[in-house]
Amino acid sequence: MEYMREQLRRAGTPAPTVIGIDEIAIRKGHVYRIVVSDLVRRRPIWFGGHDRSEQSMDLFFAWLGPRKCSKIRLAVMDMWKAFRKSTLKPGHAPQAGILYDKFHVLKHLNEALDKVRKSEYARLSGQDRRFIKGQKYTLLSRWANLSQEGRQSLKQLFTANRRLNKAYLLKEMFGQLWDYHKEGWARRFFDKWKAALRWQRLKPYEKFARMVESHWDGIALYCQEENKVALGFVEGVNNKIRVIQRRAYGLRDEEYLRLKVLTCMLPEI
């Protein structure tokens, strides 16, 4: 622990311009802590709070201080209201643009696809269910990442079930939204994608489209060239923390876990 504290002392307190905010479960029972990363220097800079509430997020800005908070121009987060409200408070970082993380948006889309799969399975009976059974994770995978066997299974499923075929194609298509460099083009794409839902009877997708519509400003912000930051970094930090927890079979000393997280991407002394 002394070694890790020395690593942090030498790294100093950063003055981030782009931050990534996410929560991590430290044990069972919905016990959360907040992790804030510097997306320019590509390292976690704060781990703490008592949960994932607005009050816990306030602790980060109090730690960073008003002068350094004023330098934050972009905050990447999921659509959790507490993070947004805390960030935009006067004295925190009200000048920062709020950018919603691509991977959390796509997570909601995957959940919508899984609801369609469940509804189709419930609608059918007997032998008609055989193509859907056991295909949950194959459906949630991107086509490019599937094995030949997985692609063959999906082809059989899509031949038997046109609604799941359409739902999968819409899911695959939606990822193009983050490829655009102008908001007008991105908006045109989203409007066409939304129009393709008409007459498809995909209620979970319609709900997802309404969610994207209500959070559009925070998604479209990525179209600006200066905001093309590494959106996968926050999720990568979460995965790294889970590996730390698994290797230790759980960490009871929270201060030790905090130090491990904050030094996991720092150079050795």
_Could you compute the net charge surrounding ARG84? Neighbours are other residues with a C-beta less than 15 Å from the C-beta of ARG84; K and R count +1, D and E count -1._
-3
*Of GLU6, GLU111, GLU149, which has the most accessible area and how do the rest follow, probe 1.4 Å?*
GLU149, GLU111, GLU6
*In square angstrom, what is the accessible area per residue of the chain with a 1.4 angstrom probe?*
56 Å²
*What accessible surface, in Å², does a 1.4 Å probe find on LYS260, ignoring ligands, DNA and RNA and rounding to the nearest 10?*
70 Å²
*Label point distance in nm, ARG162-GLN176, each placed 7 Å from Cα along Cα→Cβ*: 2.2 nm
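Going by accessible area, probe 1.4 Å, with all protein chains left in place, what is the ranking of THR13, THR87, THR159, largest first?
THR159, THR13, THR87
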_Taking R0 as 22 Å, what FRET efficiency do you get between ASP114 and GLU183 from their Cβ-Cβ distance, rounded to the nearest 0.05?_
0.15
*Give a quick list of trypsin sites (Lys or Arg not before Pro) in region 73-176 that DSSP marks as loop, anything other than H, G, I, E or B, with at most 11 other Cβ atoms within 10 Å.*
LYS133, ARG142
*May I have the pair-distance distribution P(r) for the chain, computed from all Cα-Cα distances with 10 Å bins from 0 and rounded to whole percent?*
6, 25, 28, 23, 13, 4, 0
*Roughly how much of CYS264 is accessible, in Å² to the nearest 10, using a 1.4 Å probe?*
40 Å²
*Please get the size of the charge dipole for the chain, origin at its Cα centre, with Cβ charges of +1 on Lys and Arg and -1 on Asp and Glu, quoted in debye to the nearest 20.*
960 debye
*Take the alpha carbon atoms of region 205-269, find their radius of gyration, then divide it by 2.2 N^0.38 Å using N residues; give the quotient.*
1.65
*Among TRP80, TRP46, TRP199, residue whose mean-square fluctuation peaks in a GNM of the chain (springs only between Cα atoms under 10 Å)*: TRP199
*May I ask you to give the percent of accessible area on region 35-118 that is carbon plus sulfur, with a probe radius of 1.4 Å?*
55 percent
*Rg and Dmax of region 22-73, using alpha carbons, in Å: what are they?*
11.8, 37
*Value of [θ]222 nm, deg cm²/dmol, for the chain, DSSP H segments ≥ 4, -39500 (n - 2.57) each, nearest 500*: -16000 deg cm²/dmol
*Using the charge dipole of the chain (Lys, Arg: +1 at Cβ; Asp, Glu: -1 at Cβ; taken about the Cα centre), state which of ALA11, ILE21, MET211 has its Cα farthest towards the positive end.*
MET211
*Given a cut-off of 27 Å, name the pairs among LYS28/LYS240; LYS81/LYS207; LYS85/LYS194; LYS28/LYS207 whose C-alpha atoms lie farther apart than that in the structure shown.*
LYS85/LYS194; LYS28/LYS207
*Which value, to two decimals, describes the C-alpha radius of gyration of region 175-216 once divided by 2.2 N^0.38 Å?*
1.17
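The values are calculated or read from the model by the stated rules, or taken from the named source; none is laboratory data. This is a predicted model, so every value here is computed, not measured. Quick reminder, even Gly has a Cβ in these numbers, built from the backbone with ideal geometry, and neighbours come from all protein chains shown. Side chains are part of the model used for accessible areas, which takes the heavy atoms of the whole protein and leaves out ligands, DNA and RNA. Shrake-Rupley method; radii C 1.70, N 1.55, O 1.52, S 1.80 Å.
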